[in-house]
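Each remark here refers to the structure printed beneath this line.
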Amino acid sequence: MEPHDYTWIFALGIVASICDAFGIGSNDVANSFASSISSGSLTMAQACIIAVFTEFLGALLLGSSTSETIKGGILSVERFVGQPELLMLGMLCALIGSAVWVISASKFGLPVSTTHSIVGAIIGVGIAAFGGEAIQWGYSGVAKIVTSWFVSPAIAGIVTSIIYLPTRFFILESPNSLERGIRAIPIYFFVTSAIGVFYIVYKGAPGTGASEMHAGVIVGISFGVATAVTAFSWIFFVKWLRRRVIGKENLRWYHIPLVYNIKHRPMPPQPDPTETSTTDAASTEASRELEIGTHPDGIEEKAVVSTKQCDDHNVSDSSNADESSSGEEQADSESRLLMIWKKIKYLALRGIRQDVRNIGNERLKNVHAAAKKFDDDTEYLFSFLQVITACLASFSHGSNDVANAAGPIASIYDTWRSAKVDESGSSPVPVWILAMAGAAIDLGLVTYGYHVMRRLGNGVTYLSPSRGFAAELGASLTVLTASQVGLPVSTTHCITGAIAAIGLCNGNFRALNWKVLAWCTLSWILTLPIAGLTSGLLFAFGSNAPNNFIRG
């Protein structure tokens with residue numbers, strides 16, 4: 001192989017990488033924001049706006065400048081040293097296999113691990129190329145992934161319960177829950193900020209060399225940032241909450257740093273329900289009169305309107321007959337352009353306009369009814385914490401999991417450029433690949449993420465801000481600590497287990513949608529074989545095709 005041979009593989013690899021990143025956004029990022037949207041802390045549009053910046057900036061600014069040539073070390077890269085073109089073809093097939101499975105799972109609202117998907121696809125390539133003995137089947141490889149199906153949700157559920165149950169018993173169920181919540185909110189800010197910053201620096205910032213920092217330095221940074229955030233919340237945010245929630249003042253979030261300088265702002269007067277009912281009744285009666293064609297003077301209004309419409313129609317026909325053909329063509333052209341623009345706008349905003357909360361879903365009515373509800377004002381306190389946890393998790397996800405889509409195309413690009421395989425097992429990742437993958441992740445969330453959000457949030461159990469906050473923080477803490485001690489965990493599996501634990505904390509098995517959980521578990525099990533089978537078949541076909549066809 002010579003440099004710049006097999007350019008078609010590189011070109012198709014770019015397309016497949018974009019599709020895989022699109023799937024990551026529609027599945028992995030979507031399940032990260034599912035609890036925030038389902039609890040009402042964020043709207044779909046707000047979540048998408050936040051994720052567009054956090055995911056893209058996380059991928060671009062903190063994404064690793066190098067990646068594993070073969071994800072997870074599941075297959076030795078040395079097997080491709082003498083035939084680099086096979087590595088290019090293998091990574092192309094792996095990207096296609098992963099993208100097909102992740103996007104298909106997203107279509108049905110099934111949360112799957114995108115990391116396991118790309119690893120499963122590489123397993124398929126390895127078996128098709130070198131046989132089953134080339135794969136690491138032991139605990140350092142496949143067995144570790146299988147273990148994560150059970151370890152991840154179990155540990156995340158336990159951690160989430162430890163966070164949520166004290167909050168429920170000491171704050172939410174207290175007679176003066178609102179006052180207790182306001183007093184405790186700075187403590188929650190400290191814990192959330194410390195864990196979030198530690199999570200980003202330690203796990204989610206591969207491009208900063210944070211892995212070389214001493215653990216004590218990372219802890220110091222985390223506690224320093226958390227102390228500053230806590231001081232701000234104690235001085236400004238608590239004051240703002242008392243005025244906004246207890247005093248019922250018309251304050252916005254951007255008034256927080258100015259809360260001591262803003263005069264009393266009463267809420268705008270609400271319309272009188274009696275007047276509203278009278279107005280609605282009058283409007284209804286007027287509408288009814290117009291429908292039956294009556295008028296105070298006894299004139300049949302409907303007949304008059306119909307006559308006028310007929311006259312207008314005749315005049316319109318006459319006018320249209322006098323128009324020139326060029327005018328008709330121009331009008332048709334403008335009409336077509338307008339229709340195209342409306343279609344593009346509809347497709348672009350369709351995902352944002354979806355209702356994913358499932359609050360009024362009749363099929364989930366019994367599940368939601370089994371969950372205990374708490375004071376709305378107290379729950380409102382936790383919505384801000386949940387937004388913070390969602391932003392931190394998204395930023396970290398963008399920097400860390402972008403490698404699932406960027407790594408294989410980086411391997412293809414490096415091999416295409418140099419015509420050799422780097423035996424070190426790592427490939428440089430150019431900035432343009434990180435930017436491309438980050439943009440595709442955002443596009444996947446905005447246009448297709450609503451499927452997973454609708455299924456995973458309130459589709460599993462009833463979520464409120466306090467419940468969603470505990471689930472997100474518990475999942476993040478589990479990924480952080482388990483990765484440190486070497487336990488196999490997956491972010492997708494952790495957030496699913498955390499949400500399931502929240503449902504069980506209601507003390508009622510009916511508060512969980514067991515059917516959805518069964519489908520989620522089945523999708524985890526199917527990830528490796530389906531992604532592997534798809535990529536393996538493609539590789540077997542491509543590698544055994546006539547040589548002239550392959551070289552293009």
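The values are calculated or read from the model by the stated rules, or taken from the named source; none is laboratory data. Keep in mind that this is a model prediction, so the values were computed, not measured. Note: ideal-geometry Cβ built from the backbone for every residue, glycine included; neighbour counts use all protein chains shown. Heads up: the accessible areas ignore ligands, DNA and RNA and are worked out on the full protein's heavy atoms, side chains in. Shrake-Rupley method; radii C 1.70, N 1.55, O 1.52, S 1.80 Å.
Taking only region 333-371 into account, find how many residues are more than 24 Å from Lys107 (Cα to Cα), assigned to a helix (DSSP H, G or I), open to solvent by less than 100 Å² (accessible area, probe 1.4 Å) and touching a residue at least 24 places away in the same chain (Cβ under 8 Å).
Number satisfying all stated conditions: 1.
All but one of (1) closer than 24 Å to Pro84 by Cα; (2) open to solvent by less than 10 Å² (accessible area, probe 1.4 Å); (3) touching a Ser or Thr at 6+ places or on another chain (Cβ under 6 Å); (4) of a type in the set (Gly, Ala, Ser) hold for Gly449; which doesn't?
(1)
With the condition kept exactly as written, say whether any residue in region 142-160 is open to solvent by less than 30 Å² (accessible area, probe 1.4 Å), more than 30 Å from Lys373 (Cβ to Cβ) and of a type outside the set (S, T, N, Q).
yes
Identify the residue in region 536-552 that is assigned to a helix (DSSP H, G or I) and at pLDDT 65 or above and, among all such residues, is surrounded by the fewest Cβ atoms within 10 Å (Cβ to Cβ).
Here the answer is Phe541.
Regarding region 15-28, can at least one residue be identified that is of a type outside the set (Val, Ile, Thr), at pLDDT below 85, under 19 Å from Ala348 (Cβ atoms) and open to solvent by less than 10 Å² (accessible area, probe 1.4 Å)?
Looking for residues that are of a type outside the set (Val, Ile, Thr), at pLDDT below 85, under 19 Å from Ala348 (Cβ atoms) and open to solvent by less than 10 Å² (accessible area, probe 1.4 Å), one finds none in region 15-28, hence no.
Please go through region 107-118 and pick out each residue that is open to solvent by 10 Å² or more (accessible area, probe 1.4 Å) and over 9 Å from Ala531 (Cβ atoms).
Lys107, Phe108, Leu110, Thr115
Check off (1) hydroxyl-bearing (Ser, Thr, Tyr); (2) more than 35 Å from the chain's Cα centre (by Cα); (3) modelled with pLDDT of 90 or more for Ser277 and give me the number that stays unchecked.
Checking Ser277 against (1) hydroxyl-bearing (Ser, Thr, Tyr); (2) more than 35 Å from the chain's Cα centre (by Cα); (3) modelled with pLDDT of 90 or more, the one that fails is (3).
Looking only at residues in region 372-400 that are touching a helix residue (DSSP H, G or I) at 6+ places or on another chain (Cβ under 6 Å) and either outside any helix (DSSP H, G or I) or among the β-branched types (Val, Ile, Thr) (or both), which one is most open to solvent (accessible area, probe 1.4 Å)?
That would be Asp375.
Please verify whether region 469-481 includes one or more residues that are of a type in the set (Val, Ile, Thr), modelled with pLDDT of 85 or more and either surrounded by fewer than 24 Cβ atoms within 10 Å (Cβ to Cβ) or outside any helix (DSSP H, G or I) (or both).
no
Mind listing whichever residues of region 398-434 are polar (S, T, N, Q) and more than 22 Å from the chain's Cα centre (by Cα)?
Ser411, Thr415, Ser418, Ser424, Ser426, Ser427
Restricting attention to region 119-141, which residues are open to solvent by less than 40 Å² (accessible area, probe 1.4 Å), within 17 Å of Val77 (Cβ to Cβ) and either modelled with pLDDT of 90 or more or among the charged types (D, E, K, R) (or both)?
Ala121, Ile122, Ile123, Gly124, Val125, Gly126 - these are the residues of region 119-141 that are open to solvent by less than 40 Å² (accessible area, probe 1.4 Å), within 17 Å of Val77 (Cβ to Cβ) and either modelled with pLDDT of 90 or more or among the charged types (D, E, K, R) (or both).
Test Gly503 against the stated conditions and say whether it is out of contact with any Phe, Trp or Tyr (no Cβ under 6 Å at 6 or more places or on another chain) and over 22 Å from Ser148 (Cα atoms).
So Gly503 does not fit the description; no.
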